[in-house]
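Single-structure report; data block below.
The values are calculated or read from the model by the stated rules, or taken from the named source; none is laboratory data. Because the structure is predicted, anything quoted here is derived from the model rather than measured. No Cβ is skipped: glycine too gets one built from the backbone with ideal geometry, and neighbour counts run over all protein chains shown.
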Amino acid sequence: MPAPVPRQRAIPAAEGGQAPAAAQRNGSVQDSAEARTAAPHTAAPTSGSGAADRTGTAPDRSETAAHTNLTLLLIENDPGGSPIVPDLLDQSGKPIRVRTARNLTEAERLLTDDVHCILLDLALPAPGRTGDGDELAVLKHVLELAPRHAVLALTGADDTERGAEAVRVGAQDYLVRDELDGRLLSRAIRYAVERKRSDSAERRLAEGRVRAQENRRLERGLLPTPLLDGSSLRFAARYRPGRSRALLGGDFYDVVRTPDGTVHAMIGDVCGHGPDEAALGVELRIAWRALTLAGLCGDQLLGTLQEVLEHERSDDEIFATLCTVDIAPDGRRAGLCLAGHPSPLVARPGTPARLLPFDNNGPALGLLPGARWPRTQVELGAEWSLMLYTDGLIEGRVGDTGERLGQDGMVDMIRRQLAAGLRGEELLRTAVNEVRDLNGGELTDDVAVLLLDRGV
């Protein structure tokens, strides 16, 4: 005996959103995967109202797909076969397609991506139910099965309290079986689908906010806290990532004081300014702090950092520039090492600000295996300001000329700002803002600047 072909109902338009009640349903009215892949049947003649044939002959599926926007999955077990779903129309007057499942096993098979809404009979027994007294067990099972679908609960006239509880549990709405008509059910389906979309969008937005907050907290935690306890030097820093809405870029810096009284400062720049570069910059900064506190400096420290970079980078083409300064305990002299990085700027009372020597500038980290980085001794004097920076501060454009600010332009700018009495945080803030204004808008590269001051 051939198996009955599950039927999919395509309800054509009827005036006012409601057509006459459907005829007695065939014993097997469920849409199935086999029916959806079967060859289309020839549609039977329709009445003047346009009602589809309900005798078991399926309409042409290409025609149905062309006129259907919404799909409803009805999950109910009605041994009497009395129809509970009248003809349905969507907001544009097109028919709503209806699939029927007699149990949750069939429902799971019919729950495809093109289903928009589920109409669930709350009287349906839940699978494996053991009499635990949970009257909404079947609803909870469906909500777990279809977390992205809108769900309408179907109750009896004397069971509206359970319908209201179903909404509290997660259904979009509940309907009373005896009050169903095409207009009411069509509207309820549309509202449930839109409500589910709105709830899903709001949930995704809330989750996005939480992730953004967590990322901001994480990035703030990755920015350095200077270790200068016991030092008379004053510290200021300014950090501006090139990535939109980010707190951390490929630039990195740090300052620590070792037990012998030496103050070590560092600033660096990983090529690029995405999240991978930011992560590598944090790794290099933490490695530099650990190595410095362990007593390494100069060429030995930079060589070890290069090994760290070579092991941690995602691509052999990635490199990092670096500038390290170790200031003697008396504060009057310093050792300078440059690895492909711009030289720091020093300013003293009565002397124009200038760049420190950069003749012994070694290669950037990650470019040349076995490279060396000479350490240059620098006399600072009794009172000075030392500014370390990344190339984001000097590579911005100057107006419409297309020329870059460059180191000479930066030195002139800092001289002018120092002459105006700017110091510390105010000096760095003004410098970064002026560079941005000269560029005619936000800088696309990361910018990091730190300032160490020694007074008398």
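Across segment 299-326, the number of residues qualifying as of a type outside the set (Val, Ile, Thr) and out of contact with any strand residue (DSSP E or B) (no Cβ under 8 Å at 6 or more places or on another chain) comes to 11. Going through segment 283-327 one residue at a time, which ones are among the small types (Gly, Ala, Ser) and in contact with a Pro (Cβ under 8 Å, 6 or more places away or on another chain)? Across segment 283-327, there are no qualifying residues.
For segment 337-361, give me the residue count where each residue is touching a Cys at 6+ places or on another chain (Cβ under 9 Å) and over 22 Å from Asp446 (Cβ atoms). Qualifying residue count for the region: 1.
For every residue, the table says whether it meets (1) of a type in the set (S, T, N, Q); (2) in contact with a helix residue (DSSP H, G or I) (Cβ under 7 Å, 6 or more places away or on another chain); (3) closer than 30 Å to Ala279 by Cα; (4) not assigned by TED's automatic domain parsing to the domain that holds Leu322.
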| position | (1), (2), (3), (4) |
| --- | --- |
| Asn360 | yes, no, yes, no |
| Pro363 | no, no, yes, no |
| Gly396 | no, yes, yes, no |
| Thr430 | yes, yes, yes, no |
| Leu443 | no, yes, yes, no |
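Condition first: crowded, with 23+ Cβ neighbours inside 10 Å, in contact with a helix residue (DSSP H, G or I) (Cβ under 9 Å, 6 or more places away or on another chain) and either not β-branched (Val, Ile, Thr) or not assigned by TED's automatic domain parsing to the domain that holds Arg415 (or both). Now tell me which residues in segment 320-341 satisfy that. Across segment 320-341, the qualifying residues are Ala320, Leu322, Cys337, Ala339, His341. For segment 246-272, how many residues meet the condition of being surrounded by fewer than 24 Cβ atoms within 10 Å (Cβ to Cβ), of a type outside the set (A, V, I, L, M) and within 19 Å of Leu393 (Cα to Cα)? Final tally of qualifying residues: 3. Pairs linking a residue in segment 285-306 that is within 25 Å of Glu317 (Cα to Cα) and free of Cβ contacts under 8 Å to residues at least 60 places away in the same chain to a residue that is among the charged types (D, E, K, R) and part of a helix (DSSP H, G or I), with Cβ atoms under 9 Å and 6 or more positions apart or on different chains, are Ala287/Glu312. Residues of segment 406-456 being more than 24 Å from Met266 (Cα to Cα), not in a helix (DSSP H, G or I) and not hydrophobic (A, V, I, L, M, F, W, C), which ones? The answer is Gly421, Gly440, Gly441, Glu442.
Of all the numbered requirements in (1) closer than 23 Å to Asp412 by Cβ; (2) assigned to a strand (DSSP E or B); (3) touching a Phe, Trp or Tyr at 6+ places or on another chain (Cβ under 8 Å), Ser343 misses one, and that requirement is (2).
Each residue in segment 74-123 was checked for being outside any loop (DSSP other than H, G, I, E, B), at pLDDT 85 or above, among the hydrophobic types (A, V, I, L, M, F, W, C) and closer than 19 Å to Leu175 by Cα, and 8 of them qualify.
Across segment 288-311, the qualifying residues are those that are aliphatic (A, V, I, L, M) and under 31 Å from the mean Cα position of the chain (by Cα), and the one among them that is farthest from Thr258 (Cα to Cα) is Leu309.
For the subset of segment 178-196 comprising residues that are assigned to a helix (DSSP H, G or I) and at pLDDT below 85, which member is surrounded by the most Cβ atoms within 10 Å (Cβ to Cβ)? Once the filter is applied, the top-ranked residue is Gly182.
Among the residues of segment 431-438, are any without any contact (Cβ under 8 Å) to a residue 60 or more places away in the chain, under 30 Å from Glu312 (Cα atoms) and surrounded by 13 or more Cβ atoms within 10 Å (Cβ to Cβ)? The answer is no, given that none of the residues of segment 431-438 is without any contact (Cβ under 8 Å) to a residue 60 or more places away in the chain, under 30 Å from Glu312 (Cα atoms) and surrounded by 13 or more Cβ atoms within 10 Å (Cβ to Cβ). Only one entry of Ser232, Ser200 meets the criterion of being out of contact with any Ser or Thr (no Cβ under 7 Å at 6 or more places or on another chain), surrounded by fewer than 19 Cβ atoms within 10 Å (Cβ to Cβ), at pLDDT 85 or above and of a type in the set (S, T, N, Q), and that entry is Ser232. Out of all the residues in segment 386-405, which are touching a strand residue (DSSP E or B) at 6+ places or on another chain (Cβ under 7 Å), assigned to a helix (DSSP H, G or I) and of a type in the set (D, E, K, R)? The one that is touching a strand residue (DSSP E or B) at 6+ places or on another chain (Cβ under 7 Å), assigned to a helix (DSSP H, G or I) and of a type in the set (D, E, K, R): Asp391.
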